Amino acid sequence: MQYHILVEFHRDFVFVDGNQITVGVKSKPVGGEANYEIIKKLAKHFGVSSANVIIKSGHKSSKKIIEII
């Protein structure tokens, strides 16, 4: 499955609306910290290992496409 991700940096949350997911993280987008937190949150939300959540595009953007295996 592939999802479009929007990222906000004010508070922690995961909101799913069809094929779009909005994720709130508190980590700063420095050194991949925010991406790692996004992967952990989505893995927990979908009940999969974090190794099964892959950022396909948008590593340095607040709009990402991820794949969940």
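The values are calculated or read from the model by the stated rules, or taken from the named source; none is laboratory data. Because the structure is a prediction, the values reported are computed rather than measured. Glycine also receives a Cβ, built like all others from the backbone with ideal geometry; neighbour counts cover every protein chain displayed.
Tabulated data
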| read-out | value |
| --- | --- |
| Residue within region 1-15 that is assigned to a helix (DSSP H, G or I) and on the phi < 0 side of the Ramachandran plot present | no |
| Selection status of LYS64, among the basic types (Lys, Arg) and not in a strand (DSSP E or B) | no |
| Condition met for GLU67 (of a type in the set (Asp, Glu) and touching a Gly at 6+ places or on another chain (Cβ under 9 Å)) | no |
| Residue satisfying condition, being touching a residue at least 12 places away in the same chain (Cβ under 8 Å) and not charged (D, E, K, R), within set VAL14, VAL30 | VAL14 |
| Residue count, region 16-50 (criterion: touching an Asp or Glu at 6+ places or on another chain (Cβ under 8 Å), in a loop (DSSP other than H, G, I, E, B) and within 13 Å of ILE68 (Cβ to Cβ)) | 0 |
| Candidate set: region 27-63, residues that are touching a Leu at 6+ places or on another chain (Cβ under 9 Å) and at pLDDT below 90; chosen: the one farthest from VAL7 (Cα to Cα) | LYS63 |
